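Single-structure report; data block below.
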Amino acid sequence: MERLPETYRRPPGSNSRSRQVKSLLRKNSLATVCEEARCPNLVHCFSRRIATFMILGSVCTRACGFCAIKTGRPIAGLDDFEGEARRVAAAAEELALKHVVVTSVTRDDLKDGGALAFCKAIEALRSLSSKPKVEVLVPDFHGNVDALAMVVRAKPDVLNHNMETVSRLYRTVRPQASYQRSLWLLSTAKEIDSGLITKTGIMLGLGEVEDEVVCLMRDCRDIDVDCFTAGQYLQPSKSHLPVVEYLSESQFSSYENHARDMGFKSYSVGPLVRSSYNAGEMFNS
């Protein structure tokens, strides 16, 4: 693996605090996208007692070229949606989270794509006396409108679904996904609940050009997506897609200006920005 430019290196956080969070997660038998996807912000976030919960196991049915999460066939019959939801809520309460982000692996083996599990998690978090805000980062449910409607009607505060990359690169980056299907999900969520806050995020440095990114951003604003994030893609292993380009500070600034000018209500653009990174701050900005 090539050495990262200094711009993409985060100062170390507290390893002792990070270990405390990991211990809490293991006690509750919970996975996080922070660990499974090898997020560069892991120690920084865990040091602040922040984590993004990943439900529905740690095995994904898709094989995206950028993602470090294990791909395979989940073991049938092991899903415990209610139990997992209770454990997520217990961990969120112990961490004193005011804004909880729940995501999942993609589960194309389930008829509803895991929508019921998201609903159970939202319900469990809503039962907490601390009343945290709830953000769900959902897969595309393979275009199942009933599954999407189930999650929207569970009333998350934010519904996030990542576009990940520009249309031209989907076949390489997300071969089992569809640019139009992802736009459909974000658009349909708003049609079901016009007051819902929607959010999306992308990676940069996979070979896209600025005009393509601006087109993606415009597509998202045309369907009233509220929040937008963009960060540098970092290759998690030699078997994943290579980094085509490390963006300069001026390039990030240009995309940030586009996000502002297009009217996104909240946006975050930078080298180590990730979809759920500082999600609470974005929600309250």
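Counting 0.36 nm for each residue step from Arg218 to Lys265 and taking away their Cα separation leaves a gain of 15.5 nm.
Using Cα-Cα distances under 8 Å and only pairs 6 or more residues apart, what relative contact order does the chain have, in percent?
15 percent
DSSP loop trypsin sites (Lys or Arg not before Pro) in the stretch 178-280 with at most 10 other Cβ atoms within 10 Å of their Cβ, which ones? Kindly include the intermediate steps, with their values, before the conclusion.
Numbers: sites: Arg181, Lys190, Lys199, Arg218, Arg221, Lys238, Arg260, Lys265, Arg274; in loops: Lys238, Lys265, Arg274.
In loop regions of the stretch 178-280 (DSSP not H, G, I, E or B), the sparsely surrounded trypsin sites (Lys or Arg not before Pro) are Lys238.
Only protein heavy atoms count here; under a 1.4 Å probe, Ser29 has an accessible surface of about 80 Å². Restricting the GluC sites (Glu not before Pro) of the stretch 166-250 to loop positions (DSSP other than H, G, I, E, B) with no more than 14 neighbouring Cβ atoms within 10 Å leaves Glu245. Under the shape rule built on the C-alpha gyration tensor, where the axes satisfy a ≥ b ≥ c, the chain is rounded, since a/c falls short of 1.5. Would you work out the charge dipole size for the chain about its Cα centre, treating the Cβ of every Lys and Arg as +1 and the Cβ of every Asp and Glu as -1, and quote it to the nearest 20 debye? I would put it at about 1040 debye. What share of Cα pairs, in percent, lie more than 25 angstrom apart in the stretch 43-201? Result: 29 percent of Cα pairs exceed 25 Å. Annotation: lysines with alpha-carbon distance below 17 angstrom to Lys155 (same-chain offsets under eight excluded): Lys98, Lys120, Lys131, Lys133, Lys190, Lys199. A straight Cα-to-Cα reach below 15 Å connects Lys111 with the aspartates and glutamates Asp79, Asp140, Asp146, residues fewer than 8 places away in its own chain not being considered. Within the straight-line cut-off of under 13 Å between alpha carbons, the aspartates and glutamates reachable from Lys265 are Asp224, Asp226, Glu256, Glu281, sequence neighbours fewer than 8 places apart in one chain being disregarded. Across all Cα pairs in the stretch 114-232, the calculated P(r) in 5 Å bins from zero up to the longest distance comes to 2, 11, 22, 23, 18, 12, 8, 3, 1, 0 percent per bin. Assuming a ≥ b ≥ c are the square roots of the Cα gyration tensor eigenvalues, decide whether the stretch 48-120 counts as rounded (a/c under 1.5), prolate (otherwise, with a/b larger than b/c) or oblate. Oblate shape, in that a/c is at least 1.5 and b/c is the bigger or equal ratio. Remark: relative contact order (the stretch 130-285) = 21 percent; criterion is Cα-Cα distance under 8 angstrom and separation of 6 or more residues.
The values are calculated or read from the model by the stated rules, or taken from the named source; none is laboratory data. Keep in mind that what you see is a predicted model, and the values were worked out from it rather than measured. Note that we place each Cβ from the backbone using ideal geometry, even for glycine, and neighbour counts take in every protein chain shown. For accessibility, only protein heavy atoms count, side chains too; no ligands or nucleic acids. Shrake-Rupley method; radii C 1.70, N 1.55, O 1.52, S 1.80 Å.
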